[in-house]
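Visitor: If you scroll down you'll find the structure; I have some questions about it.
The values are calculated or read from the model by the stated rules, or taken from the named source; none is laboratory data. Predicted model, so just to flag it, every value in this text is computed and none were measured. Please note: Cβ atoms are built from the backbone with ideal geometry, for glycine as well, and neighbour counts cover all protein chains shown. Side chains are part of the model used for accessible areas, which takes the heavy atoms of the whole protein and leaves out ligands, DNA and RNA. Shrake-Rupley method; radii C 1.70, N 1.55, O 1.52, S 1.80 Å.
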Amino acid sequence: MTAKTTLITVDDLAVLPVDAALIVDCRFDLMAPGTGDRDPGKGERDYREGHIPGAVYASLDTDLSDLSRQAEGLGRHPLPLESAFSAVLSRWGWRPGMQVVCYDAANGALAAARLWWLLKLAGVREVAVLDGGYPAWVAAKLPLETGDVVREPSKVDLRFDANQYLVDHARLRDEPGRVLLDARAAPRYRGEVEPIDRVGGHVPGALNRPFADNLDADGRFKPVAVLREEFLALLGAHAPRDVVHMCGSGVTACHNLLAMEVAGLTGSRLYAPSWSGWVSDPARPVAKGESPG
């Protein structure tokens, strides 16, 4: 099978030999049901109760982020260091050229798109998000397994291409001609509600593209032509390279980045600290309301 670099269907994954790919379950629930409290262990519990055969588990908090770096103004889910991410891939037994398939319970809206983007940041191209996520696999009545999966470890030493794919606080503030797309839901973007961060609103000049707008009613990505038309309408005369994505903590922003790649609009970048990183400095300006101003 030709390497998948953005999305993979349930049908294609079902015929992919387990030993030919690294499948990663990225389910993660930020809130405990009905409480509003964090429940970072729920995804792993769900994984052990049932997952796609051969899948290892990735925690957003401990494998795909480094929460110890929050105090550095890098947001609620700071990127892991290269050495730490390499160690995670080593534990999973990843090897160069191996197809990676990642999924979560929200069609990539949480950690699956984050893992896809981290691998892209590290120069890995053979990585795809399962279209429809875990619910699509279950709906197709395909096999499941329980418990943990342990793979033969490997030796990995990857480097991030931060200059090409990342924008920091200074570049976000000073770079001319960039288009900032905020993936949060409209009420949070407008500053009407803010359940997590210090203050509500958006970075002055940012446009709102809620990540949920990338999906059809069935929870799968919209057709390529539709995604392309919608993003081009936001870009106007700007090139994809001018686009910088953000959200609350640099996670759901990766869903918009993935959607642009699916649409053939390549080269956009991520402001990983996102809103939580932006408002860590009270001196940074905050805009509210519908206008991007």
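Visitor: When you have a sec, figure out the Kirkwood radius of segment 159-229 from all distinct Cα pair distances and drop it here in Å to one decimal?
Guide: For segment 159-229, the Kirkwood estimate is 14.6 Å.
Visitor: Determine by what factor the alpha-carbon radius of gyration of the chain differs from 2.2 N^0.38 Å, reporting the quotient.
Guide: Taking N as the residue count of the chain, the ratio is 0.96.
Visitor: Still on this structure, I have one more. Send over the semi-axes of segment 44-141's equivalent ellipsoid, whole angstrom and largest first, taken as the square roots of 5 times the C-alpha gyration tensor eigenvalues.
Guide: Semi-axes (√(5λ), whole Å): 23, 16, 13.
Visitor: Can you tell me which of Ala111, Ala139, Ala206 moves the most in a GNM of the chain? Springs connect C-alpha atoms under 10 Å apart.
Guide: Ala139
Visitor: So which GluC sites (Glu not before Pro) in segment 192-232 are both in a DSSP loop and have at most 15 other Cβ atoms within 10 Å of their Cβ?
Guide: The qualifying sites are Glu192.
Visitor: Counting every Cα pair in segment 189-262, what percent are over 18 Å apart?
Guide: 44
Visitor: If you rank His169, His202 by how much accessible surface each has, with a 1.4 Å probe, what is the order from largest down?
Guide: His169, His202
Visitor: Report the net charge of residues surrounding Leu265, where surrounding means a beta-carbon distance below 13 angstrom and charges are Lys +1, Arg +1, Asp -1, Glu -1.
Guide: Net charge around Leu265: 0.
Visitor: Give the percent of DSSP beta bridges with both residues in the chain that are antiparallel, rounded to the nearest 5.
Guide: 10
Visitor: Under a Cβ-Cβ cut-off of 11 Å, what is the net charge of the residues other than Gly147 that fall near it, where Lys and Arg count +1 and Asp and Glu count -1? Display every interim value, and only then the final one.
Guide: Working: positive: Arg48; negative: Glu49, Glu145, Asp148.
Charge balance in the 11 Å sphere: -2.
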